[in-house]
Amino acid sequence: MSQSDDLKSEIKKWSNAALKAKMDLHDLAEDLPTGWERILEVAQTAHDAYRTLEAKRESLKVIA
C-alpha cells in the first residue's frame, strides 16, 4: 500500500470518528441540561477528531 493509500484510509477512519463525535455533541446539546457535566469531554473529543482529520487531509495534499 502506498503512503497516499495509507493516508486515505486514515482520513476515512478519522472522518467517521469526527462524524460520530459531531453526533455525540449534537445529542448532548439536545438533552441539555441533562448531561451538562460531559460538555467539555464531548466537545474536546469532537475538537480532537476534527483537528486530526484536517491534519491528515493537509498531509495528503502535500504528498499528492
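Just so it is clear, none of the values below were taken in a lab; they were calculated from the coordinates. Note that this is a predicted model, so its numbers are computed, not measured. Here the Cβ is made from the backbone with ideal geometry for all residues, glycine too, and neighbour counts use every protein chain on show.
Straight Cα distances below 20 angstrom link K8 to the lysines K20, K56, K61, with same-chain residues fewer than 8 positions distant left out. How far is helix 3-31 tilted off the main Cα axis of the chain, in degrees rounded to 10, range 0 to 90? Long axis of 3-31 versus the principal axis of the chain: about 10 degrees.
Peptides 50-59, 22-31 ranked from most to least packed give 50-59, 22-31, packing being the mean of other C-beta atoms within 10 angstrom over each peptide's residues. To the nearest ten degrees, helix 39-63 and the longest principal axis of the Cα atoms of the chain are 10 degrees apart. A Förster radius of 22 Å combined with the Cβ-Cβ distance from E41 to A64 puts the calculated FRET efficiency at roughly 0.05.
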